[in-house]
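Undergrad: Structure incoming, see below.
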Amino acid sequence: MKLKNAVGDESSVEIASFSEIGGGFCGSRLVMASGIRSPVQSNQEPNAVMRVYMDANATTPLLPEVMEAMRPYWMECFGNASSIHLDGQQARAAVDRARSTLAEFFNCHEAEVVFNSGGTEGDNTAVFGLLRPGDHFVTTAIEHSAIMAAAERVAARGVEVSFVAPSASGLIDPTEIQRALRPETRLISVMLANNETGVLQPVEEIGKIAKAAGAFFHIDAVQGAGKVPFDVRRFGCHLCSISAHKMHGPKGVGAIFVRRGTPIESLLVGGSHERRRRAGTENVPGIVGLGKATELAMHSLEEGTLIQLAALRDRLETGILELPGIGVNGGGKAVPRVANTTNIWFDHLEGEALVIALDLKGVAVSGGSACHSGATEPSHVLMAMGLDKTRARASLRFSLLKSATEADVDYALNAVRETVARLREISPVAAGTLG
Ligand code: PLP
């Protein structure tokens, strides 16, 4: 199987076996967009379906270099990083190397990097670690559920929470953050890039507002990390969460920057790991993978990969917009977005039906709805931007991998054109309105 590395070269990796799941294949069998070529295709098996993965904001595959970096830490170098013998020292040295990469990435001191299990834990740490009854918390109506649900929980425990609404283009206005402040505001939390629309938020300006108000500032940077130049000092934040699996690292590992002196109470207590800020034996292979993925992400930022990626995203978006009854959610003039994301509404269609139909054609995307307690709820992000329920449900998110190619985009574009035409043909409302 061939995978593209961060700088776009193809390198060969042997994937030993394919896992069959419920009649389908797990990942590597048929696939994959983005330079990951299918063994099926290469063997010219009949009925091979080209697969184009355009759901990078959900997760990304490991890069071969990340897999290779992690490999020794599962078996040969399996030590506990807290042990004083040689095996432990090897593990500790690997964790230290990753910490130094992360410190370079965040632009902070090594002691300000805390490894954890990913974005959800980082977000929860900021909210539960700082807020107490009587405090006021300012966040936005478009945060990830890891912030939204944590906010709900602290609200039930006596914390006042203000949710700042975005503009119709998905942007948070810093003056609205300013207006929401109160003397007892202890924490402001705003994401760097929205996971559904890709819209980049003005975190630097919000950092200045937080400083002037004497409030702590947390950034959920899970979707921005590796996609935009990064510097927690420039952002002016006290806390910043990232997750490895959104940047070609392993799942279940991440890190949070905790500015020196920030009085965070740890979520997990036990051993004195991570300077008592996160108890639990370190996930050494995961941390090594995060370190390598971060190093490659920094490299790809320097290489200009993202300029090409934005051009591919625009090619896809422009092609889809040629169809009638379609528009983009978020972004627009003077509203910056990360390079890989576009979110599009399709009138008279159901997002979920589109996701399934596109999947059958080999294209993986996400819809604008989430399943809560068995019912499909329209996205809270799109609703906060002022979309009605029908349009929010009729929206799709396309999020490209950094290794996406023109061929991937053209394949997806064709699949979208055919699918939209076919589904609209059988939709009486669409037939009447769109002709
Ligand atoms: N924050 C944002 C903006 C996200 O997009 C995600 C994941 O989709 C998370 C937090 C949660 O990260 P993790 O999957 O590492 O828990």
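Undergrad: Quick one: grab Rg to one decimal and Dmax as a whole number for region 110-165, Cα atoms only, in Å.
TA: Calculated on Cα positions, Rg and Dmax stand at 11.9, 36 Å.
Undergrad: Would you please report the Å³ per residue occupied by the convex hull of the alpha carbon atoms in region 113-249?
TA: Once divided by residue count, the hull of region 113-249 is 99 Å³.
Undergrad: Given a cut-off of 27 Å, what percent of all Cα-Cα pairs of region 66-300 lie beyond it? It would help to have the intermediate numbers written out before the result.
TA: Working: 8737 of 27495 pairs.
Pairs farther apart than 27 Å: 32 percent.
Undergrad: So, one more: Quick one: if you stick a label point 7 Å off each Cα along the C-beta vector at residue 269 and residue 104, how many nm between them?
TA: 3.8 nm
Undergrad: Count charges around residue 394 for me, please; just the other residues with Cβ under 13 Å from its Cβ, Lys/Arg as +1, Asp/Glu as -1.
TA: Counting the neighbours of residue 394, the net charge comes to +1.
Undergrad: Mark the label point 7 Å from the Cα of residue 176 along Cα→Cβ and return the residues of region 201-229 whose backbone N is within less than 13 Å of it.
TA: Output list for this probe position: 201-202.
Undergrad: Among bridges DSSP assigns within region 66-300, what percent are antiparallel (round to 5)?
TA: 40 percent
Undergrad: Please give the Cα centre distance for region 199-239 versus region 110-130, rounded to the nearest Å.
TA: Their Cα centres are 15 Å away from one another.
Undergrad: OK, next. How do 75, 50 rank when sorted from fewest to most other Cβ atoms within 10 Å of their own Cβ?
TA: 75, 50
Undergrad: Set the Förster distance to 41 Å, then compute FRET efficiency between residue 49 and residue 165 from the Cβ-Cβ distance, nearest 0.05.
TA: 0.50
Undergrad: Return the loop-located trypsin sites (Lys or Arg not before Pro) in region 242-335 (DSSP other than H, G, I, E, B) with at most 11 other Cβ atoms within 10 Å of their own Cβ; answer none if there are none.
TA: 260, 333
Undergrad: I would also like to ask the following. What FRET efficiency comes out for the pair residue 388/residue 84, r = Cβ-Cβ distance, R0 = 45 Å, nearest 0.05?
TA: 0.15
Undergrad: List 399, 82, 366 from most exposed to least, where exposure is judged by having the fewest other Cβ atoms within 10 Å. Spell out each step's value before the answer.
TA: Working: 399 26, 82 14, 366 21.
In increasing order of surrounding Cβ atoms, one gets 82, 366, 399.
Undergrad: Once amide H atoms are built 1.01 Å from N in the peptide plane, which residues 5 or more positions from residue 240, or in another chain, come under 5 Å H to H?
TA: Distant-sequence amide H within range of residue 240: 219, 257.
Undergrad: Further, regarding this structure: Local charge sum around residue 117 (other residues, Cβ-Cβ under 13 Å, Lys/Arg +1, Asp/Glu -1)?
TA: It works out to a net charge of -2.
Undergrad: Let me ask something else about it. For region 302-386, divide the Cα radius of gyration by the Kirkwood radius and give the resulting Rg/Rh value with two decimals.
TA: Value, to two decimals: 0.99.
Undergrad: Not counting the cut sites, what is the longest span of the chain without GluC sites (Glu not before Pro) that DSSP labels loop and that have at most 13 other Cβ atoms within 10 Å?
TA: Values: sites that count: 14, 76, 184, 265, 322.
In short, 323-435.
Undergrad: Between residue 132 and residue 155, what is the spin-label point distance in nm, taking each point 7 Å from the Cα along the Cα→C-beta axis?
TA: 2.3 nm
Undergrad: Ok, one more. Sort 326, 307 so the one with the fewest other Cβ atoms within 10 Å of its own Cβ comes first. All intermediate terms of the calculation are to be shown ahead of the outcome.
TA: On the way: 326 18, 307 9.
Neighbour counts put them in this order, fewest first: 307, 326.
Undergrad: How fast does region 75-177 diffuse by Stokes-Einstein, in µm²/s, taking the Kirkwood radius from C-alpha pairs at 4 °C and 1.567 mPa s?
TA: Values: Rh = 16.6 Å.
The diffusion coefficient I find is 78 µm²/s.
Undergrad: Largest first, please: the extent of the C-alpha atoms of the chain along each principal axis, to the nearest Å.
TA: Principal axes ranked by extent give 64, 54, 40 Å for the Cα atoms.
A short reminder: the numbers here are calculations on the coordinates, not readings from a lab. Remember, predicted model here, so these are calculated numbers, not experimental data. Every residue, glycine among them, receives a Cβ derived from its backbone with ideal geometry; neighbour counts consider all protein chains shown.
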